[in-house]
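Working notes, structure below.
The values are calculated or read from the model by the stated rules, or taken from the named source; none is laboratory data. Just so we're clear, the structure is a prediction, and the values are computed from it rather than from any experiment. Neighbour counts are summed over all protein chains in view; Cβ atoms, including those assigned to glycine, are modelled from backbone coordinates with ideal geometry. Heads up: the accessible areas ignore ligands, DNA and RNA and are worked out on the full protein's heavy atoms, side chains in. Shrake-Rupley method; radii C 1.70, N 1.55, O 1.52, S 1.80 Å.
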Amino acid sequence: MLISIFTTKKIGIVTKLPNKILMNLLKKRFAFLTLEKLLYILILAFGLVKVISTGPIFFPDSRGYIGMELFRSFGYPLFIHFHKIIFGNLFANAIIITQFLVTSFAALFFIHCLRKTFDFNKWFSLILFSVIMFSVFLGSMNANLILSEGLAYPLYLFIVGHILVGTIFKKNRSFYYAIILTFFLISVRGQFLFLVPVLLIAILLTYYKSIFHKNTVILIVSVITIPFFAVFTDIAFHKIKHKHAVPTPLTGVQISTIPFFVSDENDSIVFEDKNQRIYFQYVYAKLKEKKLLYSQHIENPKKIEFFFDNYMLICNQTIFGDGMQTLKSSYTSEEKIIMSDKITSSMTFPLMKNNFKKCISIYSSNFIKAFDTSKYLLLFILLFIVSIAALVKKENNLSKFIIILFFLIFGNNAIVAIAEPTFGRYIFYNNWILIAIFLLLFQINFKKKPNE
């Protein structure tokens, strides 16, 4: 009896001992895997599965990027071409995985910058990371898009992170990284020209006491050269690829859309050039025929919604498509695109000047709509004013950051509103800003240790 009991206990010890050793080994092996890290991994894993299962999403604009057409800046077409060379027919699938991975690294980098500069709470960091990644696999699904947004979003996050570090720690290296990345970003999407004044503002906030110091002057000059270098590179690309030494066309068509929309028939008298008059009269007649003029909907309380809903008809199909019918038949299709861009660019200011109030009305409505409502615009303005006042009273890092964030969202919405309706695909880049400000303010005001 005693022997049997002893044997049973002995066997129990022998069988249980390896399990304890195994558990201890596993604990040591995965000690680094905290709950925080596990949640990051789960978010990224879910995102990757969602991106792959959804597959590439093509839009009408995708064809222009894939075909390296004249009216596309060189950045994203070269990105696609690189994937074509390496992955062949599977290039689209490779692109969406690349876009997801780059966006993930960019989001993690930005969160790292926040934690480094403000000792940002780890759970707040996780919340903000989720918000930033939301557009990747649930919102606009930009990682799946064969559009420039898929590459522009991570580049933008890298730039904002470098601006933050450069401003708070006075690191010129970070500013130079931001300058280089801004050049590449502008080559992907021209709307990010607004980053040039934002960079200048960040540098002034950082080095206002030594603005004429040699290193600061070099930094400022480097920022100012970005648009010139971007235009030069753009022209060089089109010269090599399309045999036309021109910047990417169609900007003129886009910025002339609001002036054309609000124009009157007698506006033709403002044009001294014969080709401009012919172009205007033909396009105006087509807009009138299609009932796409502001004057035909003046009683409509939802005029801005009408403009949004019919933007493609007004801009692409009528001002551009119908307008090209007035050009010489001897021109090639690419030459017609270039001529249409030049003519509409030259017509924009005279039309705007002749219909200034109506242009401002549509533009301001378009701009406010980018903030969803005027209440959010007022909230951002209030945050900006309070931050300026706090910075004047006492230098602090959070106020500087909020000021920079204000100019980021204000600049992007302002430049988009000039040329395009403020659709989500053009303004989603800053959807995380308000949440970031709220979390930072909450942490600083409700924790025992304030962070600056």
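Some values worked out for this structure:
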| quantity | calculated |
| --- | --- |
| Of all residues making up region 164-178, the number that are closer than 17 Å to residue 196 by Cβ and either open to solvent by 90 Å² or more (accessible area, probe 1.4 Å) or small (Gly, Ala, Ser) (or both) | 4 |
| Search result, residues across region 267-283 that are open to solvent by 20 Å² or more (accessible area, probe 1.4 Å), in contact (Cβ under 8 Å) with a residue 24 or more places away in the chain and assigned to a helix (DSSP H, G or I) | 270, 275, 276, 278, 282 |
| Residues of region 58-81 that turn out to be over 22 Å from residue 341 (Cβ atoms) and crowded, with 17+ Cβ neighbours inside 10 Å, as a count | 2 |
| Residue identified as assigned to a helix (DSSP H, G or I) and surrounded by fewer than 15 Cβ atoms within 10 Å (Cβ to Cβ) among 37, 50, 84 | 37 |
| Some residue of region 287-300 being in a helix (DSSP H, G or I), open to solvent by less than 90 Å² (accessible area, probe 1.4 Å) and within 18 Å of residue 336 (Cβ to Cβ) | no |
| Condition met for residue 312 (in a helix (DSSP H, G or I), under 21 Å from residue 421 (Cα atoms) and open to solvent by 70 Å² or more (accessible area, probe 1.4 Å)) | yes |
| Residue list for region 190-205, filter: at pLDDT 95 or above and surrounded by 21 or more Cβ atoms within 10 Å (Cβ to Cβ) | 192, 195, 198, 199, 202, 203 |
| Single unsatisfied condition, residue 130 versus (1) in a helix (DSSP H, G or I); (2) touching an Asp or Glu at 6+ places or on another chain (Cβ under 9 Å) | (2) |
| Residues of region 343-366 satisfying the condition of being among the charged types (D, E, K, R) and surrounded by fewer than 14 Cβ atoms within 10 Å (Cβ to Cβ) | 353, 357 |
| Test for residue 415: is it open to solvent by 40 Å² or more (accessible area, probe 1.4 Å), at pLDDT 90 or above, assigned to a helix (DSSP H, G or I) and not basic (Lys, Arg) | yes |
| Candidates 193, 204, 219, filtered to the one that is without any contact (Cβ under 8 Å) to a residue 40 or more places away in the chain and in a helix (DSSP H, G or I) | 204 |
| Considering residues of region 87-123 that are aromatic (Phe, Trp, Tyr) and farther than 30 Å from residue 445 by Cβ only, the residue least open to solvent (accessible area, probe 1.4 Å) | 100 |
| Residues of region 248-266 satisfying the condition of being open to solvent by 20 Å² or more (accessible area, probe 1.4 Å) and under 14 Å from residue 334 (Cβ atoms) | 248, 250 |
| Those residues of region 336-366 which are charged (D, E, K, R) and in contact (Cβ under 8 Å) with a residue 60 or more places away in the chain, in sequence order | 341, 342, 353, 358 |
| Residues located in region 77-125, provided they are at pLDDT 95 or above, under 21 Å from residue 156 (Cα atoms) and among the β-branched types (Val, Ile, Thr) | 80, 95, 96, 97, 98, 102, 103, 111 |
| Residues satisfying the stated conditions in region 435-452, i.e. within 13 Å of residue 114 (Cα to Cα) and modelled with pLDDT under 80 | 451, 452 |
| In region 367-387, the residues that are in a helix (DSSP H, G or I), free of Cβ contacts under 8 Å to residues at least 24 places away in the same chain and either open to solvent by 70 Å² or more (accessible area, probe 1.4 Å) or small (Gly, Ala, Ser) (or both) | 374, 375, 378, 382, 385, 386, 387 |
| Cross-chain or 6+ apart pairs with Cβ under 7 Å, region 439-452 first and under 22 Å from residue 130 (Cα atoms) and open to solvent by less than 90 Å² (accessible area, probe 1.4 Å), then of a type in the set (Val, Ile, Thr) and modelled with pLDDT of 75 or more | 439/127 |
